[in-house]
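The values are calculated or read from the model by the stated rules, or taken from the named source; none is laboratory data. Predicted model only: the values in this text are computed from it and were never measured. FYI the Cβ positions are ideal-geometry reconstructions off the backbone, even for glycines, and counts take in every protein chain you see.
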Amino acid sequence: MQLVLHNIDQVLTGVLDAPMLDTDTIVVDGGRIVSLDAGAATTADVVVDCKQMTVAPGLVDTHVHPTLGDYAPKQQSSGYLERMMHGAVTRAISAGEVHAPGRSGAESALGIALGAFHSFDRHRPSGMKVHGGAMLLEKDTDTSHIDRAFASGMRIIGEIGVGSLKDPVRAGELSLYARELGMTVHMHCGCTSDRGPGGDEHPYFSAEDVMEARPSIASHANTFASLSDADIDMLCEDGGPPYVEVVQAGGTRSMLRVVEGLAERDRLDRLLIGTDTPTGYGVTSLGILKTIGDVCSLGGVAPETAWAIASGHAAAAFGSDGNTVEVGAVADLVVMDASLGSVCDTALDAIAAGEFPGVAVVITDGAIRVRGSLCTLRARRVAGITG
C-alpha cells in the first residue's frame, strides 16, 4: 500500500548530526519510506495533507517496565502503551519486567523475560513496537542464563540492582559478558525502589557502583532520590558509561544537571530519554513529550536535536535502525502542530517553549494508527486524509 504525506512545512529526521530535512513530501510503500520526492507518488492508496504541519519520526521511550500485554500491575492500568502512542511514542524499550509477579531467582527471571520477549515480538499494542524481555540479574544468575537469553534473541539486560544481585563487582562481570555478546545493559542509579528485603542490602547505587558494574546505560540518573551532583558529574565525564539516561519520573534539577553536563562536553550523543513508566509516579502517556519540552525550554537544547535524541538516536542505542525519516526507513511517523490556541506558530516553537505540541496523526509501518491524539491538546490544524 502506498501512503503519501504532502504539504509538509518542517521535517525532523531523528538523525542527531542532521536533525532537519528540506522536503514537503514523504512517500511510503510497503511500510517503508521509499522517496522524499513528490514525483514518486504515483498510485497512492492513502494521501495525508499535512496542512503545513511538522512531520517527525515516532519517539522512543528507553525506559518502561512492561509485563505481558498492555497491562501494568504496578498501577492496575490497562491500555497504557496504547495511550503512549497518542503521545507520539511508537517504540518502547523494556528496562526489565520488574512488576511481573512471582519472580524469585535466575530461572524465573529468565522465564519472565522470555515470556515478554516472545509475546511482544508478535503483539504490537495499537501498532507500537515494544522491546520486551530485559532479563534481570539475580544472585544465582550466571553466564549460562545470559547465553540462553541471547540465543533466544533477547538483546537487553534489565536494570542492574533491581534484581536480587546487588554486588556491583559480580554485576560488572556479568554486564561485561553480556555487552561483549552485543547486549545492551541498563543499570539502576540512586536509591533502590526494591520493596523486598533485598533492597536493604544495597539501598543506593552511586556513580562508583556504575563504574564498577560497567553497564551500557546509567539509567534514570535523575531518579526521585537522585544521585549527588558529584555523582552526576562523574557519569557525564568522558570515562563514564556510553549512555546517561534521564526520565520523566524523576527530579527536574538533576535532569538538567545531566543535560548541561553532557552539553558542556559536546556529548549529547550520550543522552537518552525515558519515562520509567509505570512507577509510583504513575502512567505518563505524554512523559517523553514533557521531558523533551523540559530539556529544550530549561536546558537550552534545540527542539530538533532533542527530538533526534529521543527518536532515531535512542533506537540506535538498542541496535535498531528505526525511528528516522530517510529513504529505506520503516515508516513510523508523527504529524504534529502547535496546539489550538497556542501563542506558538509551529510544533518546534511549542516544544522550545516547553509546551506540548498537538499530535494530529501517528503512523507505524505505513498505517495510520492515531487520527487526533486523545492525550495532547488539539493540533491547530487538522490533517486531510483521503483514500
- Among the residues of segment 52-108, which ones are among the charged types (D, E, K, R), more than 26 Å from D147 (Cβ to Cβ) and touching a Ser or Thr at 6+ places or on another chain (Cβ under 6 Å)? D61, E82, R83
- The correct count of residues that are over 23 Å from V60 (Cα atoms) and assigned to a loop (DSSP other than H, G, I, E, B) in segment 209-225 is 2
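To keep it simple, each residue is scored yes or no on (1) in a loop (DSSP other than H, G, I, E, B); (2) touching an Asp or Glu at 6+ places or on another chain (Cβ under 7 Å); (3) over 30 Å from A113 (Cα atoms).
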{"residue": "V4", "(1), (2), (3)": "no, no, yes"}
{"residue": "L16", "(1), (2), (3)": "yes, yes, yes"}
{"residue": "V28", "(1), (2), (3)": "no, no, yes"}
{"residue": "G39", "(1), (2), (3)": "no, no, yes"}
{"residue": "T43", "(1), (2), (3)": "yes, no, yes"}
{"residue": "V47", "(1), (2), (3)": "no, no, yes"}
{"residue": "V55", "(1), (2), (3)": "no, no, yes"}
{"residue": "T67", "(1), (2), (3)": "yes, yes, no"}
{"residue": "Q75", "(1), (2), (3)": "yes, no, no"}
- Item | The listed residue being under 21 Å from T223 (Cβ atoms), part of a helix (DSSP H, G or I), at pLDDT 95 or above and not aromatic (F, W, Y), out of G115, G172, G111, G158 | G172
- State all residues of segment 42-75 that are at pLDDT below 95, polar (S, T, N, Q) and farther than 24 Å from M1 by Cα; if no residue qualifies, say none. T67, Q75
- Which residue out of S78, S126 is in the same structural domain as S144 (by TED's automatic domain parsing), surrounded by fewer than 17 Cβ atoms within 10 Å (Cβ to Cβ), touching a strand residue (DSSP E or B) at 6+ places or on another chain (Cβ under 7 Å) and modelled with pLDDT under 95? S78
- Scanning segment 244-272 for residues that are within 19 Å of C191 (Cα to Cα) and touching a Ser or Thr at 6+ places or on another chain (Cβ under 6 Å) gives E245, V247, Q248, A249, G250, G251, S254
- Reported set for segment 329-387 where residues are buried (at least 17 other Cβ atoms within 10 Å of the Cβ) and of a type in the set (S, T, Y) is S339, S342, T346, T364, S373, T376
- Query: Quick one: G14 ticks every box in (1) in the same structural domain as H220 (by TED's automatic domain parsing); (2) of a type outside the set (S, T, N, Q); (3) within 24 Å of P357 (Cα to Cα) bar one, so which box is it?
  - Reply: (1)
